[in-house]
1. Among the residues of the range B:66-81, how many are at pLDDT below 95 and either acidic (Asp, Glu) or in contact with a Lys or Arg (Cβ under 8 Å, 6 or more places away or on another chain) (or both)?
2. Since B:LEU30 meets every condition but one in (1) buried (at least 20 other Cβ atoms within 10 Å of the Cβ); (2) modelled with pLDDT of 95 or more, which condition does it not meet?
3. Give the residues of the range A:168-184 that are touching a strand residue (DSSP E or B) at 6+ places or on another chain (Cβ under 6 Å) and more than 13 Å from A:TYR359 (Cα to Cα), sorted by residue number.
4. In this structure, does B:GLU122 turn out to be surrounded by fewer than 16 Cβ atoms within 10 Å (Cβ to Cβ) and of a type in the set (D, E, K, R)?
5. Is it the case that some residue within the range B:75-92 is part of a strand (DSSP E or B) and within 11 Å of another protein chain (Cβ to nearest Cβ)?
6. Which condition from (1) among the aliphatic types (A, V, I, L, M); (2) outside the structural domain of A:GLY300 (by TED's automatic domain parsing); (3) over 25 Å from A:TYR358 (Cα atoms) is the one that A:ILE235 breaks?
7. What strands (runs of 3 or more DSSP E) completely inside the range A:146-223 contain at least 2 residues that are outside the structural domain of A:ARG134 (by TED's automatic domain parsing) and in contact with a Lys or Arg (Cβ under 7 Å, 6 or more places away or on another chain)?
8. Within the range A:7-30, which residues are part of a helix (DSSP H, G or I) and over 15 Å from A:GLU53 (Cα atoms)?
There are 2 protein chains.
Amino acid sequence: MKLTCSRNHLMDAISTVQRAVATRSANPVLDGILLKADQELVLTGYDNETGIEYRMEADISQKGGLVVPARVLSEVVRKLSDNHVYLAIKDDTVLVVESGKSVFNIRGYAADKYPEIQFVEEDAKISLKQSTLRQMINQTIFAVSTDQSRPILMGLNLICENDTLTIVALDGFRLAVRKETIPGLDMNVNIIIPAKAMSEISRIMSDTDEEVIISPSHNYIIFNKGNVKVVTRLIRGEFLNYKSIIPRDANTSLMISPEVLYAAVARASIMIDTEDRRFPVVFQTPDADTLTIESKTDIGTAREEIPIALSGDKIEIDFNPRFFMEALREVSDDQVILTFSGNLQPCSIKPESGEHFYYMILPLRR
Amino acid sequence: MKLTCSRNHLMDAISTVQRAVATRSANPVLDGILLKADQELVLTGYDNETGIEYRMEADISQKGGLVVPARVLSEVVRKLSDNHVYLAIKDDTVLVVESGKSVFNIRGYAADKYPEIQFVEEDAKISLKQSTLRQMINQTIFAVSTDQSRPILMGLNLICENDTLTIVALDGFRLAVRKETIPGLDMNVNIIIPAKAMSEISRIMSDTDEEVIISPSHNYIIFNKGNVKVVTRLIRGEFLNYKSIIPRDANTSLMISPEVLYAAVARASIMIDTEDRRFPVVFQTPDADTLTIESKTDIGTAREEIPIALSGDKIEIDFNPRFFMEALREVSDDQVILTFSGNLQPCSIKPESGEHFYYMILPLRR
């Protein structure tokens, strides 16, 4: 391998594929980035679950490839002061990096030590804006379970029903659903993608209108944004059908600004020591015009009144404030509807119009 | 106590005095901030070594005081959405905070549980720009020892000789000296101030031309910037006379850009695993026009050539790269002079003209 390329472009490639690089894995080759020069320079990172491939332009005078430790390569390229970089292989497993008056030799591994990763896309594809996919992930992923004993709930459920793409997360205490209509989509898919991979995919998606092509397969899924492809294994099993747990009827409903409610719950949660989950924040409607958010602990008390227009029964319910804050933080709508079905039943959070998101939060038992 | 004040001003006061608040101290009162309302609202934080007092305007309708946990008070005030805050004391030890539609009760302690801290200034005073003091601290404090068995070296040595203020730090491997001429100053002082306190003082100093008045006493020192006073105990003992360890003669000298040298040393240090101090960065002059910066480890090699004009003997010396990086990072001069007295002797870093700073770095033994 002998080539020259842009330092800034190479840095972007390294930062991107590094998201999938294992750290301190049993196989030291996976702590590395695979560099392959053929028609283009291709960088790959992989952690046995998720692989990221980044293709970039380079002026290649000799083909070849090797694996180099990701941390060292990343630090070397980040600290170069010249945008012109020369890369070459010496003694089969040493990467030579030259730029300005600097010369580095980084010890690596032969390319054939690196696992073969398949980036083969199926015919069935979902195409949507990268910014939309990013938003769909961010608006659901916080509700994913961290309980290792329930591996299915550590994933995001991706559902295609006709022209609707839905992402669902739940952890036994709350549910997050985000829907998007994709004109022209006609597919039936129901798969579970590891949350860790989805979190990296969200970060790799740009904030622009550029498209990402999603190609689900039997046991893996590929996200293709042109020069970058991400492949990740799927979680086997069947996800809980979220529709079966949504309360059918509501006795109480009120409209509120998610920003105002977030701030009130955040203030009330100050009194709740983060290490102690026993203490709830209490939602109460003393009259039809007022919602109070209240907490009482050994540290002190917080109480706040929010003017509302209540329809239906009064409520007095204990909640874990974090569940509200994590959901409300991701809502960009001006107003949301809260509905309740009684003091021991969950709270639903819905948009004022449409059904692009749905959150459900279980109360704490007194 | 009953008063109203500005949320933003109160937040600034809390953030400032919180720098001196102990965390999880044996005495829970010291985890708190003392609030006292008399002519002004005065906030105090103290950790048995350093005390910070912040005086602010408030519309006080009833005098009084108490101590409240710093973390809770800080979070409550930070999260208020209205700039108008009402503070009052309830049941002697509970602070009531009201703002907008929010009401908080924070459990605290009676003011008389808080230690008495003396902010009494002596007649002898040093006056200089806050931005200058901040720079003098930042340009020396990195060389302070972290070795608990040598408590004297865990402080900064502050020396007044006639009209010159000098701050010195050293840890047995390197020396940092920063001098400033203060017109009109005529004082002889030689004291040792704990580095932790100096680090907080640096952060409290503004970046403007406003003055700070330093008032050293027998066993404490006060820094007064008007509405904020910091008092800290001194470290007892005698600091090493730094002049006695500065090499008298140099055999080698060269001029270099501190920015260029910093970048080269930073790049060479990538190959040195941070947990392994055995590996040096080698400074070498293969000819009179070139300085090479080089490292070789199991990870790989880095080598860089910097064009220079050498006077005197050639050198080949091993250094700990961190010591160079920490010193060079703080130098804003365009060029510095490096001098050497042989391959087993320290390197001196001096300004091109003047003597406002002086750094000395010992070589690593081969």
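1. Looking only at that region, the number is 0.
2. Only one criterion is unmet by B:LEU30, namely (2).
3. First, the residues of the range A:168-184 that are touching a strand residue (DSSP E or B) at 6+ places or on another chain (Cβ under 6 Å): A:168-169, A:174-182.
Residues satisfying the conditions are A:GLU180, A:THR181, A:ILE182.
4. Numbers: surrounded by fewer than 16 Cβ atoms within 10 Å (Cβ to Cβ): yes; of a type in the set (D, E, K, R): yes.
Here the answer is yes, as B:GLU122 does meet what is asked.
5. Just the residues of the range B:75-92 that are part of a strand (DSSP E or B), to begin with: B:84-90.
Now restrict to residues that are within 11 Å of another protein chain (Cβ to nearest Cβ): B:90.
Scanning the range B:75-92, I find at least one residue that is part of a strand (DSSP E or B) and within 11 Å of another protein chain (Cβ to nearest Cβ), so the answer is yes.
6. (3)
7. On the way: elements: A:155-162, A:164-170, A:174-181, A:187-194, A:211-216.
Per the criteria, no element qualifies.
8. If we filter the range A:7-30 for residues that are part of a helix (DSSP H, G or I), which is where we start, we get A:7-20, A:28-30.
A:ARG7, A:ASN8, A:PRO28, A:VAL29, listed by residue number.
The values are calculated or read from the model by the stated rules, or taken from the named source; none is laboratory data. What you are looking at is a predicted structure, and each value in this text was computed from that prediction instead of being measured. Cβ sites come from the backbone with ideal geometry, for glycine too, and all protein chains shown count toward neighbours.
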